[in-house]
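The values are calculated or read from the model by the stated rules, or taken from the named source; none is laboratory data. Since we're looking at a predicted model, the values are computed, not measured. Cβ placement follows ideal geometry from the backbone for every residue including glycine, while neighbour counts extend to all protein chains displayed. These accessible areas exclude ligands, DNA and RNA; they are computed on the full protein's heavy atoms, side chains included. Shrake-Rupley method; radii C 1.70, N 1.55, O 1.52, S 1.80 Å.
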Amino acid sequence: MSTSNSTSHRLTEEILGFIEAGVDAELSDATFNDYCMQLFALHYETNKIFREFCDIKKVGPGDINRWQDVPMVYNDVFKTHLVASFPLEQSVMACLTGGTTSLTQRGRIFRDEDGKRLVFGANKMMTGSYLFPDFEEGKRCRILILAPSPELAPSMGMAIGMDQTRQAFGTPDSTFLLGKTGIDVKNLLKALRESEASGVPVALIGATAAYVFFFQSCRRKKMKFKLPPGSRICDGGGYRGRFGVVTRDDYYAMVKEILDIPETHCVNVLGEAETATNLFDDALRRHVKGLPPRKRTRPVPPWSRVLAMNIDDLSPLPDGEVGLLAHWDLANVPTVLAVITDNLGYTTDNGTGCEMVGRAKIENGKVSPLPDEDRTMGPMGDSGIFRMLEAYTNFSIDLKMRFAKDLKVEPAVREEIEARPGSVASCPQVVDEILVAQADAEAAKLRDASLNTFKDQTERPLEWYVKEAEKQKLTDHPAGLQSEKQAQQKKT
């Protein structure tokens with residue numbers, strides 16, 4: 001085993017120890033900082049894309065001593081380059097990441113065996129702590145999943161993650177109920193009626209849009225259920241407004257009306273493929289612990305840190321101020337430690353929690369919330385927060401893409417995914433197309449193309465990716481560092 005492989009494996013085992021200690025364990029700032037410095041050194045040594053990135057920024061191991069100063073990689077880089085800090089031939093897991101910037105190219109995220117253990121370990125702990133906080137070790141329940149299965153979309157992060165939840169917390173009759181032709185209504189209704197009759201609680205997990213679609217269908221047919229106490233629902237992936245205006249409060253009201261599940265047992269999850277750990281809101285956990293209700297937030301686990309970054313200069317913002325969310329996640333051993341996203345959000349509780357309120361998009365050289373979070377449409381939005389976001393619609397694209405003097409790009413018009421032929425859909429968009437495909441031929445075409453893309457990712461020989469990685473340079477990236485180099489040359 002090489003020295004770098006040995007270091008990576010040692011760090012994996014020690015970080016897994018932090019994860020297994022649980023979300024309430026303490027990890028001192030000094031210890032977290034020490035592991036960040038070790039990971040920074042490892043990634044600088046083993047990840048040539050990241051090393052080039054750091055060299056252009058003139059930051060290397062020994063130049064910094066705070067985790068906040070580790071260079072943040074913009075998530076768009078994952079969409080054009082293989083950002084791996086291990087030999088790709090050791091890859092055992094691959095998934096596509098959503099294209100919030102590039103609509104025609106999806107990111108490819110690979111993990112080796114240790115990376116797989118980290119991402120599965122982190123999210124089992126997070127799921128148990130926030131979706132099943134009242135379950136003793138080994139307790140299981142029936143899980144009904146409204147999302148594509150790994151068989152249907154083998155490299156979709158949503159499918160992989162929900163299957164892991166099924167395996168870790170589900171009884172043998174747990175099942176995926178969203179297929180290529182839409183929701184398996186017959187078996188979903190059967191399972192819900194069985195839960196009503198038996199008094200045995202169930203857990204529903206899946207894509208937000210799938211639940212909105214199902215609830216609206218139930219309303220039209222005047223169909224309701226009275227699920228037993230202890231039943232719960234977890235949604236993720238976001239809602240694009242395909243099925244009308246639905247705010248987050250509207251969604252909770254529909255869950256109560258159709259399923260008789262109270263808001264305390266509704267949980268939302270935020271997952272970013274570029275960073276290993278999913279973040280859940282804390283409503284159910286607080287209820288189980290007998291804590292007073294409050295505005296939902298997403299606690300950040302001890303092995304991670306999240307900051308909201310000022311778009312003008314990427315300085316950290318105080319609690320409550322909206323900026324671009326950046327993640328430092330020790331479970332990112334196989335990729336890079338620090339990732340800055342185009343998610344707009346804020347921190348809470350002295351930085352120990354966070355909340356996402358929208359995504360930044362590029363439109364005619366300016367940045368503004370994406371249509372699915374636009375307060376004029378209303379879906380899943382918070383109008384109070386979006387009054388704060390109005391400030392983000394008028395600054396220059398150069399400021400948004402400066403990112404600590406890295407990744408400056410040319411302005412581009414953001415087009416909606418339905419409007420661009422040949423574009424590759426994100427996970428929520430795939431779900432939308434599946435839900436309407438039976439009545440919409442164009443949606444069926446997009447569904448088939450997207451599902452084929454998820455399968456192609458898995459079926460393409462690994463050797464192809466190894467060769468691709470060997471010839472990549474960060475300056476080949478259309479949002480890469482060529483302009484930064486040119487700027488430095490002008491200065492000299």
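Remarks
- Candidates Leu284, Leu279 - the one that is within 23 Å of Leu337 (Cα to Cα), open to solvent by less than 10 Å² (accessible area, probe 1.4 Å) and under 24 Å from the mean Cα position of the chain (by Cα): Leu279
- Residue tally, condition open to solvent by 10 Å² or more (accessible area, probe 1.4 Å) and outside any helix (DSSP H, G or I), over segment 252-265: 2
- Residues that are β-branched (Val, Ile, Thr) and modelled with pLDDT under 95 within segment 34-58 comprise Ile49, Ile56, listed in sequence order.
- Listed by position, the strands (runs of 3 or more DSSP E) contained in segment 317-395 that have at least 2 residues being modelled with pLDDT under 80 are 353-363, 366-369.
- Test: residue in segment 266-274 that is farther than 28 Å from Met156 by Cα and not in a strand (DSSP E or B): no
- Any hit, segment 317-337, residues being of a type in the set (Ser, Thr, Tyr), crowded, with 20+ Cβ neighbours inside 10 Å and more than 30 Å from Pro262 (Cβ to Cβ): yes
- Taken as a whole, the structure leaves Ser91 outside the set of residues that are surrounded by 20 or more Cβ atoms within 10 Å (Cβ to Cβ) and in contact with a His (Cβ under 8 Å, 6 or more places away or on another chain).
- Selection status of Arg285, under 30 Å from Met93 (Cβ atoms), charged (D, E, K, R) and assigned to a helix (DSSP H, G or I): yes
- Filter result for Thr7 (surrounded by fewer than 20 Cβ atoms within 10 Å (Cβ to Cβ), of a type in the set (Val, Ile, Thr) and at pLDDT 95 or above): yes
- Scanning segment 218-251 for residues that are more than 15 Å from Leu192 (Cα to Cα) and over 24 Å from the mean Cα position of the chain (by Cα), we see that the one that is least open to solvent (accessible area, probe 1.4 Å) is Arg219.
- Residues satisfying the stated conditions in segment 206-258, i.e. aliphatic (A, V, I, L, M), farther than 18 Å from Asp184 by Cβ and in contact with a Cys (Cβ under 6 Å, 6 or more places away or on another chain): Val255
This table checks each residue for (1) in a strand (DSSP E or B); (2) within 16 Å of Val267 (Cβ to Cβ); (3) in contact (Cβ under 8 Å) with a residue 40 or more places away in the chain.
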residue: Thr165; (1), (2), (3): no, yes, yes
residue: Leu188; (1), (2), (3): no, no, yes
residue: Arg193; (1), (2), (3): no, no, no
residue: Glu196; (1), (2), (3): no, no, no
residue: Ala203; (1), (2), (3): yes, yes, yes
residue: Gly206; (1), (2), (3): yes, yes, yes
residue: Ala209; (1), (2), (3): no, no, yes
residue: Gln216; (1), (2), (3): no, no, no
residue: Lys222; (1), (2), (3): no, no, no
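- Residue match in segment 39-48 (condition: surrounded by fewer than 19 Cβ atoms within 10 Å (Cβ to Cβ), within 23 Å of the chain's Cα centre (by Cα) and outside any helix (DSSP H, G or I)): no
- Some residue of segment 84-100 being closer than 27 Å to Pro299 by Cα and modelled with pLDDT of 90 or more: no
- Within segment 54-81, being more than 20 Å from Met37 (Cβ to Cβ), assigned to a helix (DSSP H, G or I) and in contact (Cβ under 8 Å) with a residue 40 or more places away in the chain holds for Ile56, Asn75, Asp76, Val77, Phe78.
- Selection of segment 148-195 for residues being of a type in the set (S, T, N, Q) and closer than 19 Å to Leu227 by Cα yields Thr171, Ser174, Thr175, Asn187, Ser195.
- Take the conditions (1) in contact with a helix residue (DSSP H, G or I) (Cβ under 7 Å, 6 or more places away or on another chain); (2) among the aliphatic types (A, V, I, L, M); (3) under 27 Å from Asn332 (Cβ atoms); Val119 misses just one of them, which is (1).
- Count of residues meeting criterion [farther than 18 Å from Ser8 by Cβ, among the aliphatic types (A, V, I, L, M) and touching a Leu at 6+ places or on another chain (Cβ under 9 Å)] in segment 28-72: 2
- Among the criteria (1) free of Cβ contacts under 8 Å to residues at least 12 places away in the same chain; (2) among the small types (Gly, Ala, Ser); (3) assigned to a loop (DSSP other than H, G, I, E, B), the one Ala84 does not fulfil is (1).
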